[in-house]
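A.B. asks: One structure coming up, written as structure tokens, with questions to follow.
All of the numbers you see were taken from the coordinates with simple rules; none came from a lab. Just so it is clear, the structure is predicted and the values come from calculations on it, not from any experiment. Neighbour counts run over all protein chains shown; Cβ positions are idealised from the backbone, glycine included.
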Amino acid sequence: MKKELKIEANLDNLDLVLGFIEENLELAECPMKIAMKIAVCVEELYVNVASYAYDGASGDCTLYFEQDEKTPNRISITIEDKGKPFNPLEKADPDTTLDAEEREIGGLGIFMVKNIMDNIIYERKQKNNIIIMEKTW
């Protein structure tokens with residue numbers, strides 16, 4: 001099963017994005033505790049697209065939700081935009097051994113996504129940023 005949501009990438013559409021993800025996770029019979037973590041990951045990456053991909057201009061974002069038919073407890077979520085190139089995986093992980101006051105600002109969101117999801121991939125294809133997140137429960 002593969003479902004698609006195409007929307008304008010802005011913060012006003014965050015509720016639509018989360019509704020799309022939560023509905024599909026429920027249909028995939030994802031346990032609530034894991035579904036909540038996945039939703040936080042999607043929110044983090046979508047907010048980054050909505051906030052930075054188009055430098056304040058309007059642009060599209062497409063989300064794909066796919067459940068593996070052979071392994072129904074495995075899902076893949078893809079977020080695709082046509083914004084400026086940005087690979088969030090290139091950012092160094094924050095030093096979480098430091099006190100919050102000593103750490104650089106930013107970077108915790110993608111660090112969290114890397115730790116929650118089983119796999120996260122960035123691709124730049126045909127002027128599109130593509131983030132693929134995978135999770136099995």
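A.B. asks: How about the range 17-35: which of its residues are free of Cβ contacts under 8 Å to residues at least 40 places away in the same chain, surrounded by 14 or more Cβ atoms within 10 Å (Cβ to Cβ) and either out of contact with any helix residue (DSSP H, G or I) (no Cβ under 7 Å at 6 or more places or on another chain) or within 19 Å of C61 (Cβ to Cβ) (or both)?
C.D. replies: Passing the criteria: L18, E22.
A.B. asks: Hey, can you tell me all the residues within the range 63-90 that are surrounded by 15 or more Cβ atoms within 10 Å (Cβ to Cβ) and either more than 21 Å from A35 (Cβ to Cβ) or without any contact (Cβ under 8 Å) to a residue 12 or more places away in the chain (or both)?
C.D. replies: Hits for the range 63-90 are E80, D81, K82, G83, F86, P88.
A.B. asks: Next question. For the range 36-61, which positions are surrounded by fewer than 21 Cβ atoms within 10 Å (Cβ to Cβ) and farther than 15 Å from I130 by Cα?
C.D. replies: M36, K37, A39, V40, E43, S51, D55, G56, A57, S58
A.B. asks: So, in the range 121-137, of the ones that are among the hydrophobic types (A, V, I, L, M, F, W, C) and assigned to a strand (DSSP E or B), which residue ends up surrounded by the most Cβ atoms within 10 Å (Cβ to Cβ)? Step through it out loud before you land on a result.
C.D. replies: Filtering the range 121-137 for residues among the hydrophobic types (A, V, I, L, M, F, W, C) gives 121, 130-133, 137.
Within this subset, residues satisfying the condition of being assigned to a strand (DSSP E or B) are 121, 130-133.
Values: I121: 13, I130: 16, I131: 26, I132: 17, M133: 21.
Among those that are among the hydrophobic types (A, V, I, L, M, F, W, C) and assigned to a strand (DSSP E or B), it is I131.
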